[in-house]
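Peer 1: Below you will find the structure I want to go over with you.
The values are calculated or read from the model by the stated rules, or taken from the named source; none is laboratory data. Note that this is a predicted model, so its numbers are computed, not measured. For neighbour counting, all protein chains shown are included, and Cβ atoms are generated from backbone atoms with ideal geometry for every residue, glycine included. Side chains are part of the model used for accessible areas, which takes the heavy atoms of the whole protein and leaves out ligands, DNA and RNA. Shrake-Rupley method; radii C 1.70, N 1.55, O 1.52, S 1.80 Å.
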Amino acid sequence: MRFFFRSKQFKIILAVFLSVVLLTVVSRFVGQKMAPTANIAGTIVAPFQSLAKNVSDFFKNLAVIYTNGNEATLENTRLESEINELRGQLSDYEKITAENEFYKEYLGLKEANPDFSFAPATLISVDSDDPYKGFLINEGSSAGIELYDPVITEAGVVGYISELGTSTAKVTTILSHTLTMGALDNRTSDSGLVSGTIRYAENNRCKFYNLSRSCSVAIGDYVVTSGEGIFPDGLIIGEIESIGSNEVDNSIYAVVSPFVDFSNIKNVMVITEFDGQGGLNAK
């Protein structure tokens, strides 16, 4: 509204109003001097008086609108503030709900493994130069995290801590060729090693190899950690998708589809302590 009073239109209206007022005053003065012809003077003056009244009423209404507009603006500001506050409360509620769901996913694992100590963390950036989908989390040594600590989600094994800062850490995934971990077929207990290759990483797959020719692994079996190296035993890795034979040593290998969706990781748990925790088993 304040911009209207500065506008060209307002200046024109004001000029018209002043002109009408001036004409009204002049007309009244002339009317008083023309007593013998008062009816004529009244006829001349009347339209100007009516116009002056209309213009005056317009400005009064304009003032009312301006006042009401200010009150409406203040009310809108108050309502907007309340809405923003409610949005903040809803955001906090959703965050707390998500965190509760996040922790609930690990409650069973904690109950089954009371020796486990966890440090929750959130993915903050993905290494776009890493074909094995490594990423950075928002916790580091200040949260009790150490190098080579296992990293998991509720779906299964993600990888391990390969670089460590005070408040951040780099996670290398099980798709990487730098990590080799002992693994078992959960159904048959056939043992082997799980590692990644650039070929399999492109499709979010890893390799379960060094299996005996006499093994009984089958497509659809689950692969879990054996407890050798940096990972505790029994953590789920993924499902056997296909089986092949190594032409060099005639050993059996299987292609594993991890249960973790590496393109959709948001929150992880770092296992900072467990019974039998050992060192890195890497190539």
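Peer 1: Could you check the range 260-275 and list, in sequence order, the residues that are open to solvent by less than 70 Å² (accessible area, probe 1.4 Å) and either over 15 Å from Ala155 (Cα atoms) or not in a strand (DSSP E or B) (or both)?
Peer 2: Answer for the range 260-275, where residues must be open to solvent by less than 70 Å² (accessible area, probe 1.4 Å) and either over 15 Å from Ala155 (Cα atoms) or not in a strand (DSSP E or B) (or both): Val260, Phe262, Ile265, Thr272, Phe274.
Peer 1: For the range 123-142, enumerate the residues that are more than 20 Å from Cys206 (Cβ to Cβ) and open to solvent by less than 40 Å² (accessible area, probe 1.4 Å).
Peer 2: Across the range 123-142, the qualifying residues are Ile137, Gly140.
Peer 1: Against the conditions (1) part of a strand (DSSP E or B); (2) surrounded by 13 or more Cβ atoms within 10 Å (Cβ to Cβ), where does Ser242 fall short? Just the number, please.
Peer 2: Of (1) part of a strand (DSSP E or B); (2) surrounded by 13 or more Cβ atoms within 10 Å (Cβ to Cβ), only one is false for Ser242: (2).
Peer 1: A further question follows. Mind checking which residues of the range 207-239 are outside any loop (DSSP other than H, G, I, E, B) and either open to solvent by less than 10 Å² (accessible area, probe 1.4 Å) or over 25 Å from Asn264 (Cβ atoms) (or both)?
Peer 2: Once the filter is applied, which keeps residues that are outside any loop (DSSP other than H, G, I, E, B) and either open to solvent by less than 10 Å² (accessible area, probe 1.4 Å) or over 25 Å from Asn264 (Cβ atoms) (or both), the range 207-239 yields Phe208, Tyr209, Asn210, Leu211, Val223, Thr225, Ile237, Gly238.
Peer 1: OK, next. Between residues in the range 159-176 that are within 25 Å of Phe208 (Cα to Cα) and open to solvent by 10 Å² or more (accessible area, probe 1.4 Å) and residues that are in a strand (DSSP E or B) and among the small types (Gly, Ala, Ser), which pairs lie under 6 Å by C-beta distance while being six or more apart or on different chains?
Peer 2: Lys170/Ser162; Thr172/Gly159; Thr172/Ser162
Peer 1: Can you name the residue in the range 184-206 that is farther than 24 Å from Glu163 by Cβ and outside any loop (DSSP other than H, G, I, E, B) and, of all such residues, is most open to solvent (accessible area, probe 1.4 Å)?
Peer 2: Among those that are farther than 24 Å from Glu163 by Cβ and outside any loop (DSSP other than H, G, I, E, B), it is Arg199.
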